[in-house]
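What follows is one structure encoded as structure tokens, with my remarks underneath.
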Amino acid sequence: MEDKLKVAIIQSNLVWENPKQNRENFSEKIETIHDIIDVIVLPEMFATGFTMNASGVAENMDGKTVEWMQKIASETNAAIIGSLIISEDNKYYNRLLFVEPSGTITYYDKRHTFTLAGENKVYASGTKKLIIDYKGWKICPLICYDLRFPVWARNTENYDALIYVANWPKPRILAWDTLLKARAIENMSYCIGVNRVGEDKDYNEYCGHSAVYDVLGNNITPIKPNKEHIEVVTLERSHINFYRNKLRFLDDRDMFTV
């Protein structure tokens, strides 16, 4: 069990429906990280952008992007996390993969598909919440639109960090900022949000606002909006333990299962 977890978050533009180019771009970015990292976080649908053309760009769990994630994890000795389009059992999923240096993969299928964009018509919804135990840290990974549903994220498992990967558009970025902070405060956990920048084929604009909030809701990452950026942040267990023991708000939470 480690007292500190060092996380690299990559706020990046994405090349529309071009997994090969996106993999190459992220490889170049990751090569510039000289710190010893425990976890690397990429945006939602980092290989393609947020496309509804699943049949044209979907991969399977033996595909090139999954192989690339395993290669990066092995080379950097860091877990890598991000979502991509997966085809499985004649269905498409917006699937978040957590790939460890050993090659071990755990995954989470996005539960709340984004009806405003028709994601629910293309992608099957997941049904299971995932809690990852990595280096003694309990991590709950979720995807974009999930952020609007606090019951699904509620910390009934005593996790240490929430991670949201996203393609969250600029017109609603206030909601992104506000809800990331709220999830950290109400769950007394670190809350990490990694969003893309740039513009997609449908002229949706993304301004980033990637951030890490501590258990009190303080933004501890000086990331500028609208620009590609890599930020390395250190999560500290002592910070979590101090405020949970001092304030004990989680002792009064409602316990339930979804």
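For the chain, evaluate the Debye formula with one uniform point scatterer on each Cα (no solvent term) and list log10 I(q)/I(0) at q = 0.07, 0.10, 0.15 Å⁻¹, rounded to two decimals.
Ignoring solvent entirely, the Cα scatterers give -0.21, -0.44, -1.05.
Highest GNM mean-square fluctuation, the chain, Cα pairs closer than 10 Å: which of L96, L42, L130?
Taking springs between Cα atoms under 10 Å, the residue moving most is L130.
What ranking do 16-25, 48-57 get when scored by the average of other Cβ atoms within 10 Å per residue, highest first?
Result, highest mean first: 48-57, 16-25.
Would you calculate the separation in nanometres between label points at N77 and S238, each defined as 7 Å from the Cα along the Cα-to-beta-carbon direction?
2.4 nm
Using the structure shown, select from K20/K170; K4/K201; K129/K227 the pairs with a Cα to Cα distance greater than 29 angstrom. Mind showing how you got there, number by number?
Working: K20/K170 26 Å; K4/K201 40 Å; K129/K227 32 Å.
Among K20/K170; K4/K201; K129/K227, the Cα-Cα distance tops 29 Å for K4/K201; K129/K227.
When a footprinting reagent is the concern and you count Cβ atoms within 10 Å, what order do E59, E67 take, fewest first?
Values: E59 18, E67 14.
In order of increasing Cβ crowding within 10 Å: E67, E59.
Under a plain spin-label model, where a point goes 7 Å from the Cα along Cα-to-Cβ, how far apart in nm are K121 and L250?
Modelled inter-label distance: 4.1 nm.
Among V197, H229, N167, pick out the residue whose Cα is farthest towards the positive end of the charge dipole of the stretch 135-257, where Lys and Arg carry +1 and Asp and Glu carry -1 on C-beta, about the Cα centre.
H229
Quickly work out the Q21-to-H34 label distance, labels modelled 7 Å from Cα along the C-beta direction, and quote it in nm with one decimal.
Using points 7 Å along Cα→Cβ, the separation is 3.0 nm.
Output the peptides 132-144, 103-115 sorted from most to least packed, where packing is the average of other Cβ atoms within 10 Å over each peptide's residues.
Ranked from most to least packed, the peptides come out as 132-144, 103-115.
If I histogram all Cα-Cα distances within the stretch 44-161 using bins 5 Å wide from 0, what percent of pairs lands in each bin?
Pair shares across the bins are 2, 11, 21, 23, 19, 14, 7, 1.
Please report the base-10 log of the normalised intensity I(q)/I(0) for the stretch 86-149, using a Debye sum with one equal scatterer per alpha carbon and no solvent, at each q in 0.18, 0.22, 0.29 (1/Å).
-0.70, -0.94, -1.30
Just to check, using Stokes-Einstein with a Kirkwood Rh over alpha carbon pairs, what's the diffusion coefficient of the stretch 166-256 at 4 °C and 1.567 mPa s in µm²/s?
90 µm²/s
Can you tell me the equivalent ellipsoid semi-axes for the stretch 77-121? Use √(5λ) from the Cα gyration tensor, largest first, whole Å.
Ellipsoid semi-axes (Å, largest first): 24, 12, 7.
Counting each DSSP H run of 4 or more residues in the chain as -39500 (n - 2.57), what helix-only mean residue ellipticity at 222 nm follows after dividing by all residues, to the nearest 500 deg cm²/dmol?
-7000 deg cm²/dmol
For R172 and V258 in the same chain, what is the full-extension length gain: residue separation times 0.36 nm, less their Cα-Cα distance, in nm?
Separation in residues times 0.36 nm, less the Cα-Cα distance, equals 28.2 nm.
Bear in mind these aren't lab numbers, they're just calculated from the coordinates by the rules spelled out. Please read all numbers here as calculations on a predicted model, not as lab measurements. So basically every Cβ, Gly included, is an ideal-geometry build from the backbone, and we count neighbours across all protein chains shown.
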